[in-house]
Every structure is written in structure tokens, then in C-alpha cells.
Amino acid sequence: MHRLLHLDLGQKSDRNAWYLVLEMFWAAILASAAAFNAAFALRLGATNTQIGLLTSLPALLAVIVSIPAGRFLQRKRRHKPWILTALTLARSGYLLVALLPWLHLPGMPLGEQVILALIVFTIPVHFFNVGFIPMLAEVTSEERRAAIFSARNIAYNASVTVLVFLFGQWLSRVPFPVNYQAMFIFGFATSMLSLFYLIKVDVPDFPVIQPQERPRLSLKKQVRRLRESAASYPGFFRITTNTFMHGMGVWMTAPLYILYYVRNLGASDAWIGLQAMIASSGIILGYIIWRWILARWKESKILKRTIVCLGLFPVLVGLSPSLTPILFAVALNNLIVPGVNLSHFNTLLKVTPPDKRPEYTALYMAFVNIGIFIFPMLGVTLADWLGLRPVLIGCGIFSILGSTSFWFRPVISE
């Protein structure tokens, strides 16, 4: 990582970069355990609809939380204490999930309790996300942002590659539910080391923007104000709406994969761990490749050429009659994902007004999460009517069509 980032730890910005990379290793342990959330709920009796809610309800909470969180942080000079407190609360939810099989709370099936706990503890996650993206922009320079972002993701996915495989083997060999409980407790404990390195990141004070007294506006005037905002920042408006059009098909399939793997194809915990390992390996290689390409091509060029490919994954999964071909589809998809992530993230930061990043980040996340709330449940409903396989294929084609918006409505001209 020193070689990748060319670090001089005597410089504050380089120390920040180093801490941001180190914390990802420890964060990856809990994230690897979280990869089995839906499988845990399914094995405790959760229904298809409840698995859909595990994807959609956190998005609704993000819509509710994001804009107030952005406005709250906009009025605070020091963001870091608030962001890290929210992260600590979010990670502590996994302790509750681990304890639920022992608590035997009355009046609700155990699988439903796990779903509810996982959903509720996403509330502080959304607060954290609203503050963390602007914080990254402040502690990293634009010319080195892609390198740091790549290094963080390589560290994260290298850890996940090993851990999800090991966790899958652990879950397959140790009696249920103690296997899941021990995994979640271990993940929480190690995530506190991630928090330790985030505390060491030196974050500058943010400019404070006091809220203005605004008269109550009619719906017509609110729509006019939104149009004026879109005209002022057309790049921000385009990346938000283009992402929504691309995401509709992708979001519909989000809860369907685990249902298709477990219910239709009989996937074991060990196989779930194996495919997650392959996914992370593909992402590591992808970040190495795309970081090199990003230095030679513009973000807009990469974004247009990669994002249309993501819809191929649900099509390939839906066409697969067994688990083995899916592993190849997972590998191919996750070679492409880093190209989308790097180009999309850098483009979003470029078109977001620097002096209003928390507020506009919150607006972006709220708008996108409206789709993430609606479309997973729509996907589950369609799958109950038509079957998982045709819905996966249809949604993949729908996503490809939506992704062409980045061609017809470019965010930044090449």
C-alpha cells in the first residue's frame, strides 16, 4: 500500500490516507459477517417478503434520515464526532442480532426479529454515510483521490475474499445458530479497531452554514425551486437522475439473488462464502485494472462504457440452471464494478458544489434511496407472480436500457 499510494507519513494528508486504508481491513471483518445476514434470517424462518424488506426499508429510512442529517451537519463545524458516534451505534446492532436467539422475545418469530434489528440499526448508517463522503473529499486531494479510493477498496476486498470463504466454512461445520452468533460477535469486536484508525484521521473544520428562515411554500413553488436548483447544477441533476434510471432494474434484483441461490438452487453457507470470495477477488483485480485505465481515460468515458454492462449480471444469473455458472458470472461482473464505482464517485464529487457537499450528498442519497425502497419490493412481488428466473432476466435488460441515459444525457462532456 505504501508503494501504491507513494506515502510520506510525515505529511498529514498521507497519514490520513494510510489510516483510511488500514481501517478498511478491520471494517471488512464485520462486512464479511454481514454478507450472511439474509441467509441467517432465511434459516430462522424469514419469508421472501421479509427478505425484500431487508433491502427496501433501510432505503426508506435513508430517505427520512439523509436530508435532516445533511442539514444538521451543515450547521456543525466539527463533523467527525457525530459521524463516528453514528458508526459505533450502527455496528453495535450486530451484538443484538447475535443475542436474539438467546433472548427468545415473545410475540414475533425469530427470523422477523433479526430482520427488524438489521433494519433499525441502518438508521445511524445513513447518518454516517451523509457525513463520511464529504469528509473523504476534505481529507484527500482530488489528484490522489482515485488512488486512495482504489487502495481502500483493494484492502477491503482482499480481506473479504479470505474472510467470507473462511466464515462460510465455519458456518457449515459448527452447529446452528451458535455459528452465526460467534461470527457476528467477532465481527463487532474487530470493527472497533476500524473505529480506532478513523479517530486518528485529522479532519479539518467545516464551514458553518446557518439555516435561513424560509416561508412555507406551495407545491407549485417547491417544484419551481427544484427546477431552479437543477438549472444551477445541471451535472448534479443529471448524475442523480441517470443513476436512478440505471438503478431501477438493479434494485429490483437485489433481494432476489439469495432467494434464487438458496430456494431454487439449494446453495449452502459454504457456497455463499465461495461466491462472495470470488466476487471480492474480482473487485480487487478490477480496481487494479481500472485505476490504471482511469489515469488515461476521462471518468465520463469510463462511466458510460461500464455502467451499461452491470445489467448483464442478473441476466446471466437468471439463465444459469445451476450454481457453478453463476460463479463465472460473479467474477465477470465484479471485474466491471470497480470501473463504475471509481468513475461514478469521482464524477459525483466533481458535480457537487464544494461549499454545500453535506446537503447535496444528502439530496443525492435521499433521491436514490427512494428507488432502493420501492423497487426491491416490486421485484419480490413480480417474482412471486412470474418466478425468480424470468424476473432476474427482465430486470437485467431493464437496467441496460436505463443505463443508456449516461450516453444520451452525459454528466460531463468528454
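Looking only at the stretch 121-139, count how many residues are modelled with pLDDT under 85 and over 14 Å from the mean Cα position of the chain (by Cα).
Number satisfying all stated conditions: 7.
Between a residue in the stretch 78-106 that is outside any helix (DSSP H, G or I) and any residue that is not basic (Lys, Arg), which pairs come within a Cβ distance under 7 Å, given they are 6 or more apart or on different chains?
Arg78/Asp205; His79/Leu73; His79/Gly131; His79/Met135; His79/Val203; His79/Phe206; Leu105/Gln113
Quickly run through the stretch 318-342 and pick out the residues that are under 18 Å from Asn153 (Cβ atoms), among the polar types (S, T, N, Q) and touching a helix residue (DSSP H, G or I) at 6+ places or on another chain (Cβ under 6 Å).
Listed by number, the residues that qualify are Asn333, Asn334.
Can you spot a residue in the stretch 278-293 that is assigned to a loop (DSSP other than H, G, I, E, B), surrounded by fewer than 17 Cβ atoms within 10 Å (Cβ to Cβ) and at pLDDT 85 or above?
no
What pairs can you find where one residue is in the stretch 305-316 and over 12 Å from Gly249 (Cα atoms) and at pLDDT 95 or above, the other is of a type in the set (A, V, I, L, M) and part of a helix (DSSP H, G or I), and their Cβ atoms are less than 7 Å apart, with a gap of 6+ or different chains?
Qualifying pairs under 7 Å: Leu316/Ala329.
Considering Val250, Val262, which residue is in contact with a Pro (Cβ under 8 Å, 6 or more places away or on another chain) and either surrounded by 22 or more Cβ atoms within 10 Å (Cβ to Cβ) or part of a helix (DSSP H, G or I) (or both)? So that I can check it myself, show each step before the final result.
Values: Val262 fails: in contact with a Pro (Cβ under 8 Å, 6 or more places away or on another chain).
Val250 is the lone residue from the list that is in contact with a Pro (Cβ under 8 Å, 6 or more places away or on another chain) and either surrounded by 22 or more Cβ atoms within 10 Å (Cβ to Cβ) or part of a helix (DSSP H, G or I) (or both).
Show the residue pairs meeting these rules: Cβ distance below 6 Å; 6+ apart or different chains; first residue within the stretch 219-246 and assigned to a helix (DSSP H, G or I); second residue at pLDDT 90 or above.
Asn242/Ser405; Asn242/Phe406; Met245/Gly402; Met245/Ser405; His246/Ile307; His246/Gly402; His246/Ser403
Quickly run through the stretch 364-393 and pick out the residues that are touching a residue at least 60 places away in the same chain (Cβ under 8 Å), of a type outside the set (Val, Ile, Thr) and more than 27 Å from Val65 (Cα to Cα).
If the condition is that a residue be touching a residue at least 60 places away in the same chain (Cβ under 8 Å), of a type outside the set (Val, Ile, Thr) and more than 27 Å from Val65 (Cα to Cα), then Leu382, Ala383, Asp384, Leu388, Arg389, Pro390, Leu392 are the ones that fit.
Taking the stretch 173-222 only, how many residues are at pLDDT 90 or above and among the polar types (S, T, N, Q)?
So the answer is 5.
Here are some conditions: (1) crowded, with 21+ Cβ neighbours inside 10 Å; (2) within 29 Å of Lys298 (Cα to Cα). Ala331 meets all but one. Which one does it not meet?
(1)
The values are calculated or read from the model by the stated rules, or taken from the named source; none is laboratory data. Here the structure is a predicted model, which means the values were calculated and not measured. Because the Cβ atoms are built from the backbone with ideal geometry, glycine has one as well, and the counts that use them run over all protein chains shown.
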